[in-house]
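Below is one structure, written out as C-alpha coordinates, with a few remarks after it.
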Amino acid sequence: MNAEAFDPRALRDAFGAFATGVTVVTANDATGRPIGFTANSFTSVSLDPPLLLVCLAKTSRNYATMTGAERFAVNILSETQKDVSNTFARPVEDRFAAVDWRRAPNGCPIFSQVAAWFECSMQDVIEAGDHVILIGRITAFENSGLNGLGYARGGYFTPRLAGKAVSAAVEGEIRIGAVLEQQGSIYLLGDETLSLPSCAVEGGDPARTLAAHLEQLTGLTVTIGFLYSVYEDKSDGRQHIVYHALASDGAPREGRFLRPADVAAAKFSSTATADIINRFVLESTIGNFGMYFGDETGGTVHPIAKKDAHS
(Lines give C-alpha, C1' and ligand atoms only; values in the text may rest on other atoms or scores of the structure.)
Protein backbone atom coordinates (compact mmCIF):
# COMPACT_ATOMS: atom_id res chain seq x y z
CA MET A 1 0.00 0.00 0.00
CA ASN A 2 1.34 3.43 -0.88
CA ALA A 3 1.89 5.86 1.97
CA GLU A 4 -0.61 8.22 0.34
CA ALA A 5 -3.33 5.60 0.90
CA PHE A 6 -2.88 5.54 4.69
CA ASP A 7 -5.50 7.22 6.86
CA PRO A 8 -3.40 9.66 8.94
CA ARG A 9 -5.63 9.28 12.00
CA ALA A 10 -5.49 5.47 11.81
CA LEU A 11 -1.71 5.59 11.44
CA ARG A 12 -1.42 7.94 14.40
CA ASP A 13 -3.58 5.59 16.48
CA ALA A 14 -1.36 2.66 15.51
CA PHE A 15 1.74 4.59 16.56
CA GLY A 16 -0.07 5.27 19.82
CA ALA A 17 -0.01 1.56 20.69
CA PHE A 18 3.61 2.08 21.73
CA ALA A 19 3.69 3.27 25.33
CA THR A 20 6.05 6.19 25.87
CA GLY A 21 7.05 8.69 28.48
CA VAL A 22 6.06 12.34 28.28
CA THR A 23 8.56 15.20 28.07
CA VAL A 24 8.59 18.95 27.77
CA VAL A 25 11.33 20.23 25.48
CA THR A 26 12.59 23.72 26.31
CA ALA A 27 14.95 26.30 24.88
CA ASN A 28 15.43 30.08 24.73
CA ASP A 29 14.45 32.31 21.84
CA ALA A 30 16.72 35.01 20.41
CA THR A 31 15.74 37.42 23.20
CA GLY A 32 16.39 34.88 25.96
CA ARG A 33 12.69 34.22 26.56
CA PRO A 34 11.96 30.58 27.52
CA ILE A 35 9.88 28.45 25.14
CA GLY A 36 8.68 24.88 25.49
CA PHE A 37 6.38 22.20 24.09
CA THR A 38 5.11 18.76 25.10
CA ALA A 39 6.59 15.82 23.21
CA ASN A 40 6.48 12.05 23.55
CA SER A 41 8.69 11.46 20.49
CA PHE A 42 11.86 11.28 22.57
CA THR A 43 14.51 8.59 22.88
CA SER A 44 18.08 8.03 23.99
CA VAL A 45 20.55 7.50 21.13
CA SER A 46 24.05 6.90 22.46
CA LEU A 47 26.06 6.70 25.67
CA ASP A 48 29.40 7.46 24.03
CA PRO A 49 29.05 10.17 22.95
CA PRO A 50 25.97 10.97 25.09
CA LEU A 51 23.21 11.68 22.58
CA LEU A 52 19.42 11.86 22.57
CA LEU A 53 16.79 12.87 20.03
CA VAL A 54 13.42 14.59 19.89
CA CYS A 55 11.09 14.92 16.90
CA LEU A 56 9.48 18.26 16.12
CA ALA A 57 6.62 18.89 13.70
CA LYS A 58 7.38 21.38 10.96
CA THR A 59 4.00 22.96 11.67
CA SER A 60 4.97 23.68 15.28
CA ARG A 61 4.96 27.35 16.23
CA ASN A 62 8.32 26.62 17.89
CA TYR A 63 9.87 25.24 14.69
CA ALA A 64 12.00 28.26 13.73
CA THR A 65 13.24 28.87 17.26
CA MET A 66 14.04 25.23 17.99
CA THR A 67 15.82 24.50 14.73
CA GLY A 68 17.91 27.64 15.19
CA ALA A 69 18.74 27.07 18.86
CA GLU A 70 22.26 26.21 19.94
CA ARG A 71 20.99 24.42 23.04
CA PHE A 72 17.82 22.78 24.32
CA ALA A 73 16.67 20.76 27.32
CA VAL A 74 14.41 17.75 27.74
CA ASN A 75 12.33 17.50 30.93
CA ILE A 76 11.00 13.97 31.54
CA LEU A 77 7.78 14.55 33.44
CA SER A 78 7.01 12.63 36.61
CA GLU A 79 3.70 10.87 37.17
CA THR A 80 2.29 13.83 39.13
CA GLN A 81 2.86 16.29 36.26
CA LYS A 82 -0.04 15.66 33.85
CA ASP A 83 -1.05 19.30 34.32
CA VAL A 84 2.41 20.41 33.13
CA SER A 85 2.07 18.23 30.04
CA ASN A 86 -1.33 19.74 29.26
CA THR A 87 -0.11 23.30 29.81
CA PHE A 88 2.74 22.89 27.32
CA ALA A 89 0.53 21.07 24.80
CA ARG A 90 -1.90 23.98 24.57
CA PRO A 91 -1.59 27.49 23.12
CA VAL A 92 -1.22 29.11 26.55
CA GLU A 93 0.17 32.64 26.42
CA ASP A 94 2.67 32.28 29.31
CA ARG A 95 3.21 28.59 29.88
CA PHE A 96 6.15 29.10 32.23
CA ALA A 97 4.05 31.11 34.69
CA ALA A 98 2.26 27.85 35.57
CA VAL A 99 5.38 25.82 36.49
CA ASP A 100 8.28 25.96 38.93
CA TRP A 101 11.42 26.19 36.81
CA ARG A 102 15.04 27.35 36.84
CA ARG A 103 18.00 27.54 34.50
CA ALA A 104 20.28 24.57 33.81
CA PRO A 105 24.07 25.18 33.83
CA ASN A 106 24.00 26.52 30.25
CA GLY A 107 20.78 28.46 30.58
CA CYS A 108 18.03 26.14 29.29
CA PRO A 109 14.80 26.02 31.32
CA ILE A 110 14.41 22.94 33.53
CA PHE A 111 11.44 22.06 35.76
CA SER A 112 11.20 21.04 39.40
CA GLN A 113 9.89 17.60 40.38
CA VAL A 114 10.61 15.98 37.00
CA ALA A 115 11.76 12.37 36.77
CA ALA A 116 14.93 13.55 35.01
CA TRP A 117 16.23 16.41 32.86
CA PHE A 118 18.91 16.69 30.18
CA GLU A 119 20.52 19.85 28.85
CA CYS A 120 22.00 19.48 25.37
CA SER A 121 23.96 21.28 22.72
CA MET A 122 22.41 20.92 19.27
CA GLN A 123 24.35 18.18 17.47
CA ASP A 124 22.27 17.95 14.30
CA VAL A 125 18.90 18.76 12.73
CA ILE A 126 17.74 16.06 10.31
CA GLU A 127 14.87 16.32 7.84
CA ALA A 128 12.30 13.54 8.34
CA GLY A 129 9.09 13.96 6.35
CA ASP A 130 6.70 16.31 8.10
CA HIS A 131 9.00 16.44 11.15
CA VAL A 132 12.63 17.22 11.89
CA ILE A 133 14.80 15.19 14.24
CA LEU A 134 16.71 17.24 16.79
CA ILE A 135 19.79 15.36 17.96
CA GLY A 136 21.25 16.74 21.17
CA ARG A 137 24.61 16.09 22.81
CA ILE A 138 24.06 15.95 26.57
CA THR A 139 26.11 18.49 28.51
CA ALA A 140 24.35 18.19 31.89
CA PHE A 141 21.63 16.01 33.41
CA GLU A 142 19.95 15.06 36.67
CA ASN A 143 17.94 11.99 37.67
CA SER A 144 15.52 12.49 40.57
CA GLY A 145 14.44 8.85 40.94
CA LEU A 146 10.76 9.76 40.54
CA ASN A 147 8.58 7.60 38.30
CA GLY A 148 7.89 8.98 34.83
CA LEU A 149 4.48 9.83 33.41
CA GLY A 150 3.30 7.27 30.83
CA TYR A 151 1.34 7.79 27.64
CA ALA A 152 -0.36 5.26 25.35
CA ARG A 153 -3.48 4.95 23.19
CA GLY A 154 -4.32 8.65 23.54
CA GLY A 155 -4.28 8.74 27.35
CA TYR A 156 -1.91 9.24 30.26
CA PHE A 157 -1.16 6.51 32.77
CA THR A 158 0.90 6.41 35.95
CA PRO A 159 2.92 3.18 36.20
CA ARG A 160 3.09 3.16 40.00
CA LEU A 161 -0.65 3.55 40.51
CA ALA A 162 -1.63 1.12 37.76
CA GLY A 163 0.85 -1.49 38.94
CA LYS A 164 -0.26 -1.13 42.56
CA ALA A 165 -3.91 -1.46 41.58
CA VAL A 166 -3.49 -4.58 39.47
CA SER A 167 -1.18 -6.23 42.03
CA ALA A 168 -3.70 -5.63 44.78
CA ALA A 169 -6.52 -7.03 42.67
CA VAL A 170 -4.57 -10.19 41.87
CA GLU A 171 -4.70 -11.15 45.55
CA GLY A 172 -8.42 -11.91 45.25
CA GLU A 173 -10.87 -13.15 42.66
CA ILE A 174 -10.89 -10.73 39.74
CA ARG A 175 -13.52 -9.53 37.31
CA ILE A 176 -12.13 -7.41 34.52
CA GLY A 177 -14.40 -5.17 32.49
CA ALA A 178 -14.44 -2.20 30.16
CA VAL A 179 -16.07 1.08 29.36
CA LEU A 180 -16.02 0.29 25.65
CA GLU A 181 -16.46 3.41 23.56
CA GLN A 182 -17.37 3.83 19.89
CA GLN A 183 -17.35 7.44 18.73
CA GLY A 184 -18.67 8.65 22.07
CA SER A 185 -21.26 5.88 22.57
CA ILE A 186 -20.86 3.30 25.36
CA TYR A 187 -21.23 -0.46 24.90
CA LEU A 188 -23.68 -2.10 27.32
CA LEU A 189 -25.25 -5.52 27.72
CA GLY A 190 -28.84 -6.31 28.70
CA ASP A 191 -32.31 -5.07 27.88
CA GLU A 192 -34.09 -3.41 30.81
CA THR A 193 -31.12 -3.70 33.18
CA LEU A 194 -27.77 -2.78 31.67
CA SER A 195 -24.28 -3.87 32.60
CA LEU A 196 -20.72 -3.36 31.45
CA PRO A 197 -19.04 -6.26 29.66
CA SER A 198 -16.72 -8.22 31.94
CA CYS A 199 -15.05 -11.60 32.34
CA ALA A 200 -13.07 -13.54 34.92
CA VAL A 201 -9.29 -13.45 34.92
CA GLU A 202 -7.43 -16.65 35.67
CA GLY A 203 -3.78 -15.83 35.06
CA GLY A 204 -2.17 -14.34 31.99
CA ASP A 205 -2.35 -10.75 30.81
CA PRO A 206 -5.65 -9.18 32.01
CA ALA A 207 -5.76 -6.62 29.19
CA ARG A 208 -5.21 -9.28 26.53
CA THR A 209 -7.89 -11.48 28.11
CA LEU A 210 -10.33 -8.57 28.15
CA ALA A 211 -9.66 -7.61 24.52
CA ALA A 212 -10.30 -11.18 23.37
CA HIS A 213 -13.55 -11.32 25.35
CA LEU A 214 -14.80 -7.99 23.97
CA GLU A 215 -13.96 -8.94 20.39
CA GLN A 216 -15.80 -12.25 20.79
CA LEU A 217 -18.86 -10.42 22.15
CA THR A 218 -18.98 -7.65 19.60
CA GLY A 219 -17.28 -9.02 16.49
CA LEU A 220 -15.41 -5.70 16.34
CA THR A 221 -11.75 -4.77 16.67
CA VAL A 222 -11.07 -3.60 20.22
CA THR A 223 -8.17 -1.56 21.58
CA ILE A 224 -7.59 -1.54 25.33
CA GLY A 225 -6.70 1.90 26.66
CA PHE A 226 -6.01 3.28 30.12
CA LEU A 227 -6.95 1.81 33.48
CA TYR A 228 -10.19 3.50 34.53
CA SER A 229 -11.44 1.98 37.78
CA VAL A 230 -10.23 -0.53 40.37
CA TYR A 231 -12.53 -1.39 43.23
CA GLU A 232 -13.57 -4.13 45.64
CA ASP A 233 -17.24 -5.03 45.60
CA LYS A 234 -18.03 -6.34 49.07
CA SER A 235 -21.39 -7.68 47.91
CA ASP A 236 -19.74 -10.31 45.70
CA GLY A 237 -16.31 -10.44 47.38
CA ARG A 238 -14.49 -9.71 44.13
CA GLN A 239 -11.93 -7.24 42.91
CA HIS A 240 -13.02 -5.38 39.77
CA ILE A 241 -10.67 -3.83 37.24
CA VAL A 242 -12.23 -1.66 34.55
CA TYR A 243 -10.36 -0.31 31.53
CA HIS A 244 -11.32 2.26 28.97
CA ALA A 245 -11.39 0.67 25.51
CA LEU A 246 -12.14 1.69 21.93
CA ALA A 247 -14.17 -0.30 19.38
CA SER A 248 -13.96 -0.12 15.61
CA ASP A 249 -16.97 1.04 13.61
CA GLY A 250 -19.87 -1.33 13.04
CA ALA A 251 -22.86 -2.89 14.82
CA PRO A 252 -22.00 -5.36 17.63
CA ARG A 253 -23.06 -8.99 17.52
CA GLU A 254 -24.39 -8.75 21.08
CA GLY A 255 -25.32 -5.77 23.21
CA ARG A 256 -25.56 -2.22 21.93
CA PHE A 257 -23.87 1.16 21.96
CA LEU A 258 -25.79 3.90 23.76
CA ARG A 259 -25.21 7.62 23.37
CA PRO A 260 -24.51 9.55 26.58
CA ALA A 261 -27.93 11.25 26.34
CA ASP A 262 -29.65 7.85 26.39
CA VAL A 263 -27.56 6.52 29.27
CA ALA A 264 -29.03 9.03 31.74
CA ALA A 265 -32.41 7.27 31.85
CA ALA A 266 -31.02 3.72 31.91
CA LYS A 267 -31.26 1.23 34.76
CA PHE A 268 -27.99 -0.50 35.69
CA SER A 269 -27.18 -3.86 37.24
CA SER A 270 -25.39 -2.30 40.23
CA THR A 271 -24.66 1.06 41.82
CA ALA A 272 -20.98 0.56 41.02
CA THR A 273 -21.80 0.21 37.30
CA ALA A 274 -24.05 3.27 37.43
CA ASP A 275 -21.31 5.29 39.12
CA ILE A 276 -18.73 4.25 36.52
CA ILE A 277 -21.00 5.08 33.58
CA ASN A 278 -22.19 8.39 35.02
CA ARG A 279 -18.63 9.44 35.84
CA PHE A 280 -17.47 8.51 32.36
CA VAL A 281 -20.27 10.51 30.72
CA LEU A 282 -19.42 13.54 32.84
CA GLU A 283 -15.67 13.29 32.24
CA SER A 284 -16.18 12.80 28.52
CA THR A 285 -17.84 16.20 28.27
CA ILE A 286 -14.75 17.95 29.68
CA GLY A 287 -12.08 15.66 28.19
CA ASN A 288 -10.39 14.85 31.52
CA PHE A 289 -10.60 11.41 33.04
CA GLY A 290 -9.85 9.92 36.45
CA MET A 291 -8.66 6.55 37.71
CA TYR A 292 -10.83 5.35 40.62
CA PHE A 293 -9.51 3.27 43.54
CA GLY A 294 -11.72 2.09 46.37
CA ASP A 295 -14.80 -0.05 46.89
CA GLU A 296 -18.37 0.08 45.64
CA THR A 297 -19.33 2.79 48.13
CA GLY A 298 -16.36 5.15 48.22
CA GLY A 299 -12.81 5.76 47.06
CA THR A 300 -10.42 8.19 45.46
CA VAL A 301 -10.21 9.45 41.88
CA HIS A 302 -6.68 10.11 40.63
CA PRO A 303 -6.87 12.53 37.69
CA ILE A 304 -5.63 11.43 34.31
CA ALA A 305 -6.15 13.33 31.09
CA LYS A 306 -7.20 11.95 27.77
CA LYS A 307 -5.28 14.31 25.54
CA ASP A 308 -2.82 13.76 22.76
CA ALA A 309 0.74 14.56 23.76
CA HIS A 310 2.38 16.04 20.72
CA SER A 311 5.29 17.97 19.35
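Based on the alpha-carbon gyration tensor of region 30-75, what equivalent-ellipsoid semi-axes (square roots of 5 times the eigenvalues) come out, in whole Å, largest first?
They are 20, 13, 9 Å, listed largest first.
For region 1-118, evaluate the Debye formula with one uniform point scatterer on each Cα (no solvent term) and list log10 I(q)/I(0) at q = 0.09 Å⁻¹, rounded to two decimals.
-0.27
How much accessible area per residue does region 68-153 have, counting only protein heavy atoms and a probe of 1.4 Å, in square angstrom?
48
Trypsin sites (Lys or Arg not before Pro) within region 11-71: which are DSSP loop residues with at most 15 other Cβ atoms inside 10 Å?
Within region 11-71, the qualifying trypsin sites (Lys or Arg not before Pro) (loop, at most 15 other Cβ atoms within 10 Å) are Lys58, Arg61.
Sorted by packing (mean other beta-carbon atoms within 10 Å per residue), highest first, where do 72-82, 27-37, 114-124 land?
The most tightly packed comes first, giving 72-82, 114-124, 27-37.
The values are calculated or read from the model by the stated rules, or taken from the named source; none is laboratory data. Remember, it's a predicted structure, so these values are computed and weren't measured experimentally. With ideal geometry, Cβ positions are generated from the backbone for all residues, glycine too; neighbour counts draw on all protein chains shown. These accessible areas exclude ligands, DNA and RNA; they are computed on the full protein's heavy atoms, side chains included. Shrake-Rupley method; radii C 1.70, N 1.55, O 1.52, S 1.80 Å.
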